[in-house]
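Worksheet: the structure to be examined is printed underneath.
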Amino acid sequence: MNENLAKIRHSASHILAAAVLRLFPNTKLDIGPATENGFYYDFDSDHKFTADDLVKIEDEMRKIISENQKFERFTESYDDAKKRIEASDQGLYKLGRLDDIPAGEEVSFFKNGEFCDLCGGDHIDYTKRIKAFKLLSIAGAYHRGDEKNKQLQRIYGTAFETKEELEKYLNQLEEAKLRDHRKLGKEMGLFTIDDKVGQGLILWKPRGAILRQELQNYILELLNSQGYQQVFTPHIGKLGLFRTSGHFPYYKESQFVPLIEREDLDRMSKANLPVSKFEEEIESGLAEGFLLKPMNCPFHVQIYKSEMHSYRDLPVKLAEFGNVYRWEQSGELNGMTRVRGFTQDDAHIFCMPEQLDGEIQSCLDLVKSVFDTLGMKEYRVRISLRDPSSDKYVGSEENWQKSEAAILKAAKTLGVPFTEEIGEAAFYGPKIDFVIKDVIGREWQLGTVQVDYNLPERFELSYIGSDNKPHVPVMIHRAPFGSLERFTGVLIEHFGGKFPTWLSPEQVRIIAMNDSVIPFADEVFVALKSKGVRVSMDTSGDKLGGKIRKAETEKVPHMFVIGNKEAENKSVSLRSRIKKAFEGTHNYREAVELIVNDIKTRTLPDSF
């Protein structure tokens, strides 16, 4: 987002707040920033905003824009700013925002017309410079993102420099609704989420399980060719394991509450210890228990550590489709793309320092291969580095310098733009994240590669070098998909449900036009089935058009239509949703080979 667009969107959020106060004067304001795709403002109002209200608010915003109000910045001392906010009757949330400003920093306001707001950002000069905006939706949002606080009403909007850009974005949003994985996942019978099971926990239905298994089989082929070894680990582990790794307490806020040993739980309960004391004993190690694993790496470390290793054994590559669990606030959950339990296509490489560059490159090549196969041609790279001033990281300065240097060196070989983001590293090491752009221009963070000198030291890992002395290996964490749930959700939207043949839960639908052709249709069915093709047959009494529409609605990629003429000639009329070159009448064995070859080569649809 360029600087001018950021100013336009931030100014639009102020105009939104001004319009709301004109229409609903008793509303309390919280905060209204510009965002990557637009802007929002959080309101506390007894009036529950509706879609009809958005129309009225937009009209009022247009009035304010037409008034060509000037945005004027001024500064005040903390005490004067506090008096101003209290006098405006907006102290409920704004005084807290005022207190967020570090002592000694300038306190600034922006005024346009009768509206004045505490604001440290920047704005356009006059309201008339906003040429293209749209209010989009209303959602609940906890004050400061904390479920313990009051839920406010958040109004989302967007703004662009030109009407053409706005129109393009709104069309993109409409296309996104059609591709929404929650909608398509339900229509295609891929997955479900059930309140009795728990929000953020995915139930894969049979058709979705096929899609998942195909993705796993594909990755396994790549892993086997690169010398990875499959392992399996439990879903829980002792708290002591995660204390050693640093996940507990460094990652505590993203974890489920520990499962306390029954003896310790009974002891603390009988002593009537307050909750804070419970937490203190758990964190200090006085009370033991287990944790739903947030990461697979400590388990893989213990597998490596269970045997002696020589330098000749390295690299050791351990891979697992491992289930992990992360605590996400309910308001942040979103279908398959933001969940509480998910499966990582996880792997950890234990190597010598001199092998590090080559192994990182191999991991990057693996991620790029996955993206190419799935038609994800546009992506950028994000390098997450530590913030040296923060205390949330473990390990020595020397280790961080080595790992960050290795990550940056590898990123430069990719030939794609990358950005460096300070403070976004994992607590144990820097990482390369791949951010792909889907076919309608949205960005998704998927594959990741991380370099780690710290966990091997914390777990006292070693290998015997050529000098016959023990040395500490370097560890690489990598996951091309990131998680199967998120990756599948993105894939559903990326393809709009129009999957390539190899991924489609149902690959061919045989449509028999009348009962007399069923014996030949059975022959074709057997021919496809014997080649491993996922095929079904529609012998219902519906008309041909209805059968075709049903197959299209269910997003079956290929249809073999069989009538009297086809049965007589041992042929099929092939209709394809994804391969126009396949269409037409074929000898049925040739048609079968077309499908089998399309599956084997994992080719992409003509368009999606």
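The values are calculated or read from the model by the stated rules, or taken from the named source; none is laboratory data. Keep in mind the model is a prediction, meaning the values are calculated, not measured. With ideal geometry, Cβ positions are generated from the backbone for all residues, glycine too; neighbour counts draw on all protein chains shown.
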Note to self: Checking the structure you have, find out if any residue of the range 100-114 is surrounded by fewer than 12 Cβ atoms within 10 Å (Cβ to Cβ), assigned by TED's automatic domain parsing to the domain that holds Asp59 and within 20 Å of Ala12 (Cα to Cα).
What the structure shows: yes
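Per-residue answers, yes or no, for (1) outside any strand (DSSP E or B); (2) touching a residue at least 40 places away in the same chain (Cβ under 8 Å); (3) crowded, with 18+ Cβ neighbours inside 10 Å; (4) not assigned by TED's automatic domain parsing to the domain that holds Ser45:
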{"site": "Lys128", "(1), (2), (3), (4)": "yes, yes, no, no"}
{"site": "Leu135", "(1), (2), (3), (4)": "no, yes, yes, no"}
{"site": "Glu147", "(1), (2), (3), (4)": "yes, yes, no, no"}
{"site": "Glu164", "(1), (2), (3), (4)": "yes, no, no, no"}
Check: Out of the residues in the range 547-604 that are charged (D, E, K, R), part of a loop (DSSP other than H, G, I, E, B) and more than 20 Å from Lys529 (Cβ to Cβ), which is farthest from the chain's Cα centre (by Cα)?
Finding: Glu583
Next item on the list: Being basic (Lys, Arg) and in contact (Cβ under 8 Å) with a residue 24 or more places away in the chain is the filter here, so list the residues in the range 373-405 that pass it.
Entry: Arg380, Arg382, Arg386, Lys392, Lys402
Check: Are there any pairs with C-beta distances below 6 angstrom linking a residue in the range 40-57 that is in the same structural domain as Arg144 (by TED's automatic domain parsing) to a residue that is part of a loop (DSSP other than H, G, I, E, B), with the two at least 6 apart or on different chains, and if so which?
Finding: Tyr41/Gly32; Asp42/Asp30; Asp42/Ile31; Phe43/Thr27; Ser45/Phe24; Ser45/Thr27; His47/Phe24
Margin query: Need the failing condition index for Glu261 against (1) within 25 Å of the chain's Cα centre (by Cα); (2) surrounded by fewer than 17 Cβ atoms within 10 Å (Cβ to Cβ); (3) charged (D, E, K, R), just the number.
Written below: (1)
Note to self: If I ask for residues that are more than 25 Å from the chain's Cα centre (by Cα), part of a helix (DSSP H, G or I) and surrounded by 18 or more Cβ atoms within 10 Å (Cβ to Cβ), which ones from the range 205-240 would you list?
What the structure shows: Leu239
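For the range 64-74, state whether one or more residues are surrounded by fewer than 16 Cβ atoms within 10 Å (Cβ to Cβ), part of a helix (DSSP H, G or I) and assigned by TED's automatic domain parsing to the domain that holds Lys111. Let's see the steps before the verdict.
Let us first name the residues in the range 64-74 that are surrounded by fewer than 16 Cβ atoms within 10 Å (Cβ to Cβ), namely 66-68, 70, 72-74.
This time we only want the ones that are part of a helix (DSSP H, G or I), so: 66.
If we keep only those that are assigned by TED's automatic domain parsing to the domain that holds Lys111 as well, we get 66.
Within the range 64-74, one or more residues are surrounded by fewer than 16 Cβ atoms within 10 Å (Cβ to Cβ), part of a helix (DSSP H, G or I) and assigned by TED's automatic domain parsing to the domain that holds Lys111.
For the range 475-486, indicate whether the set of residues that are small (Gly, Ala, Ser), over 30 Å from Lys543 (Cα atoms), part of a strand (DSSP E or B) and in contact (Cβ under 8 Å) with a residue 60 or more places away in the chain is non-empty. Give the derivation first.
Residues of the range 475-486 small (Gly, Ala, Ser): 479, 482-483.
Right, trim to over 30 Å from Lys543 (Cα atoms) and you get 479, 482-483.
So of that shortlist, the ones also part of a strand (DSSP E or B) come out as 479.
Next, only the ones that are in contact (Cβ under 8 Å) with a residue 60 or more places away in the chain stay: 479.
Yes, because at least one residue in the range 475-486 is small (Gly, Ala, Ser), over 30 Å from Lys543 (Cα atoms), part of a strand (DSSP E or B) and in contact (Cβ under 8 Å) with a residue 60 or more places away in the chain.
Only one of Leu455, Leu461 is in a helix (DSSP H, G or I) and within 25 Å of Asn399 (Cβ to Cβ); which?
Values: Leu461 fails: in a helix (DSSP H, G or I).
Going through Leu455, Leu461 in turn, just one is in a helix (DSSP H, G or I) and within 25 Å of Asn399 (Cβ to Cβ): Leu455.
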Next item on the list: Confirm whether Met336 is part of a loop (DSSP other than H, G, I, E, B) and either touching a strand residue (DSSP E or B) at 6+ places or on another chain (Cβ under 6 Å) or within 29 Å of Pro249 (Cα to Cα) (or both).
Entry: yes
Next item on the list: Could you tell me whether the range 528-537 includes any residue that is charged (D, E, K, R), out of contact with any strand residue (DSSP E or B) (no Cβ under 9 Å at 6 or more places or on another chain), touching a residue at least 12 places away in the same chain (Cβ under 8 Å) and closer than 30 Å to Glu221 by Cα?
Entry: yes
Next item on the list: Considering only residues that are under 28 Å from the mean Cα position of the chain (by Cα) and among the small types (Gly, Ala, Ser), look in the range 440-466 and name the one that is surrounded by the fewest Cβ atoms within 10 Å (Cβ to Cβ).
Entry: Gly441
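I want to confirm something. Restricting to the range 467-507 and keeping residues that are of a type in the set (A, V, I, L, M, F, W, C) and over 21 Å from the mean Cα position of the chain (by Cα), which single residue is nearest to Ile210 (Cα to Cα)? Quick ask: steps written out before the conclusion?
Residues of the range 467-507 that are of a type in the set (A, V, I, L, M, F, W, C), as a first pass: 472, 474-476, 479, 481, 484, 487, 490-492, 495, 499, 502-503.
Still in the running and over 21 Å from the mean Cα position of the chain (by Cα): 472, 474-476, 502.
On the way: Val472: 41, Val474: 36, Met475: 33, Ile476: 30, Trp502: 10 Å.
So the residue we want is Trp502.
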Check: So which of Leu286, Leu273, Leu265 is of a type in the set (A, V, I, L, M, F, W, C), closer than 24 Å to Ile236 by Cα, part of a loop (DSSP other than H, G, I, E, B) and at pLDDT below 90?
Finding: Leu286
Next item on the list: Identify, from the list Lys580, Lys555, the residue that is within 28 Å of Phe495 (Cβ to Cβ), assigned by TED's automatic domain parsing to the domain that holds Ile510 and crowded, with 17+ Cβ neighbours inside 10 Å.
Entry: Lys555
Notebook entry, point to check: Of the conditions (1) among the acidic types (Asp, Glu); (2) in a loop (DSSP other than H, G, I, E, B); (3) at pLDDT 95 or above, Glu36 fails just one. Which one is it?
Noted result: (3)
